[in-house]
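Let me begin by presenting the structure, written as structure tokens, before commenting on it.
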Amino acid sequence: MASTAKDNGFLRVWNHLGYAAARLLLIAWVAGCSTLPNGRGWGEDATLAPGWARVGQAAVQAARDPRVWVPLAGAAVFQIDGWDQRVSDWARRETPVFGSQANAERWSNALRSASVIADGATVLFTPSGDVASDWILNKVKGAAVDLAAATAATETTSGLQRLTDRRRPNGTDDTSLPSGHTTTSAAYTQLASRNLDVMGLDPSVRRALDFGLGALTVGTAWARVEAGEHFPADTLVGMAIGNFFGHWFDAAFMGLSGQPQTTVAITPLHHGLALHWEARF
């Protein structure tokens, strides 16, 4: 009975979130313009050959993204004093959020799918031009970059799973590290967040959408832990991989101008060094 009540509660929350997301996306669509501020369409400048300089610079920017290095730091912290194993055991036993391991498994699939849908929605609503033929071509080019980023992330995760050979908490196989579900969710929500950058949204709308995107990835990660499919560190590493590839491919191949959302720089001073961290919200 308790599990059923939790299931019904989460379904109600899911429905409310869906309605809220639909309203926010409608606002974004209505508020968006037909082209970017530079007069180009989103996806118009996507390229297969951005040059090694841009690819390298984009990789450095992605590595500096807090959504990449903070999860990696968190994964390292979980190795202290057996926390990874202890949190996993507690989550599988208590299932405090999803009520059961089976329910957590279902939710991890649903939240991962919602992350993919969220990115697809941002692709649809980004300003890509007034002419129908141009709009379609630009969308296809931009969506191809997003798909390539997510594919690269998931393939990297699959390779690392074979390399690390870590046993899952539930003992089903040896592909625990990193989490594929979390990698997929993080890649698509990172891409969706970066797509929001070009839409000229009201700051409050943007914050709400970014919060929702983050919740999808965090929810996916925790659901995998409660389901017994991954240890917490596995999901954090997957989160870092997805965010890295999403940021990297978007910055390298989309051809969008502008500064990265988050920058970290070290400036030499007379008596030492100064660390500058600038974040655009």
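The values are calculated or read from the model by the stated rules, or taken from the named source; none is laboratory data. The structure displayed is predicted, hence computed values, not measured ones. Neighbour counts run over all protein chains shown; Cβ positions are idealised from the backbone, glycine included.
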Worksheet item: If you go through the stretch 139-147 one residue at a time, do you hit one that is loosely packed, with under 15 Cβ neighbours inside 10 Å and small (G, A, S)?
Response: yes
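Restricting attention to the stretch 202-211, does a residue exist that is more than 30 Å from W83 (Cα to Cα) and crowded, with 22+ Cβ neighbours inside 10 Å? Talk me through it step by step, then tell me what you get.
Just the residues of the stretch 202-211 that are more than 30 Å from W83 (Cα to Cα), to begin with: 202-209.
This time we only want the ones that are crowded, with 22+ Cβ neighbours inside 10 Å, so: 209.
Checked against the condition, which is being more than 30 Å from W83 (Cα to Cα) and crowded, with 22+ Cβ neighbours inside 10 Å, the stretch 202-211 yields at least one hit.
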Worksheet item: Taking into account only those residues within the stretch 51-90 that are within 21 Å of T122 (Cβ to Cβ) and not hydrophobic (A, V, I, L, M, F, W, C), which is nearest to the chain's Cα centre (by Cα)?
Response: R67
Worksheet item: With respect to T126, is the statement that it is touching a residue at least 12 places away in the same chain (Cβ under 8 Å), crowded, with 16+ Cβ neighbours inside 10 Å and at positive phi true?
Response: no
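Is it true that V198 is touching a Phe, Trp or Tyr at 6+ places or on another chain (Cβ under 7 Å), in contact (Cβ under 8 Å) with a residue 12 or more places away in the chain and more than 10 Å from G242 (Cα to Cα)?
Values: touching a Phe, Trp or Tyr at 6+ places or on another chain (Cβ under 7 Å): yes; in contact (Cβ under 8 Å) with a residue 12 or more places away in the chain: yes; more than 10 Å from G242 (Cα to Cα): yes.
Against the criterion (touching a Phe, Trp or Tyr at 6+ places or on another chain (Cβ under 7 Å), in contact (Cβ under 8 Å) with a residue 12 or more places away in the chain and more than 10 Å from G242 (Cα to Cα)), V198 qualifies.
Residue-wise test of (1) crowded, with 24+ Cβ neighbours inside 10 Å; (2) hydroxyl-bearing (S, T, Y).
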site: Q161; (1), (2): no, no
site: N170; (1), (2): no, no
site: D173; (1), (2): no, no
site: T189; (1), (2): yes, yes
site: R194; (1), (2): no, no
site: T217; (1), (2): yes, yes
site: V225; (1), (2): yes, no
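So which of I80, I136, I117 ends up being more than 27 Å from T154 (Cβ to Cβ), surrounded by fewer than 18 Cβ atoms within 10 Å (Cβ to Cβ) and free of Cβ contacts under 8 Å to residues at least 60 places away in the same chain?
On the way: I136 fails: more than 27 Å from T154 (Cβ to Cβ); I117 fails: more than 27 Å from T154 (Cβ to Cβ).
Only one candidate passes the filter, namely I80.
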Worksheet item: Would a scan of the stretch 98-107 turn up a residue that is exposed (fewer than 15 other Cβ atoms within 10 Å of the Cβ) and farther than 30 Å from T47 by Cβ?
Response: yes
Item to complete: Return yes when A28 is under 20 Å from G129 (Cβ atoms), at pLDDT below 60 and assigned to a helix (DSSP H, G or I) and no when it is not.
Response: yes
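Would you call S113 hydroxyl-bearing (S, T, Y), under 16 Å from S185 (Cβ atoms) and out of contact with any His (no Cβ under 6 Å at 6 or more places or on another chain)?
Considered against the rule, which asks whether it is hydroxyl-bearing (S, T, Y), under 16 Å from S185 (Cβ atoms) and out of contact with any His (no Cβ under 6 Å at 6 or more places or on another chain), S113 comes out as yes.
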Worksheet item: Taking the stretch 151-164, which residues are more than 18 Å from A62 (Cβ to Cβ) and either at pLDDT below 95 or of a type in the set (S, T, N, Q) (or both)?
Response: S158, Q161, T164
Fill in: Of all residues making up the stretch 201-214, the number that are in contact (Cβ under 8 Å) with a residue 24 or more places away in the chain and under 21 Å from V237 (Cα atoms)
3
Worksheet item: Can you list the helices (runs of 4 or more DSSP H) found entirely within the stretch 165-254 that contain at least 2 residues being modelled with pLDDT of 95 or more and hydroxyl-bearing (S, T, Y)?
Response: 180-196, 203-226
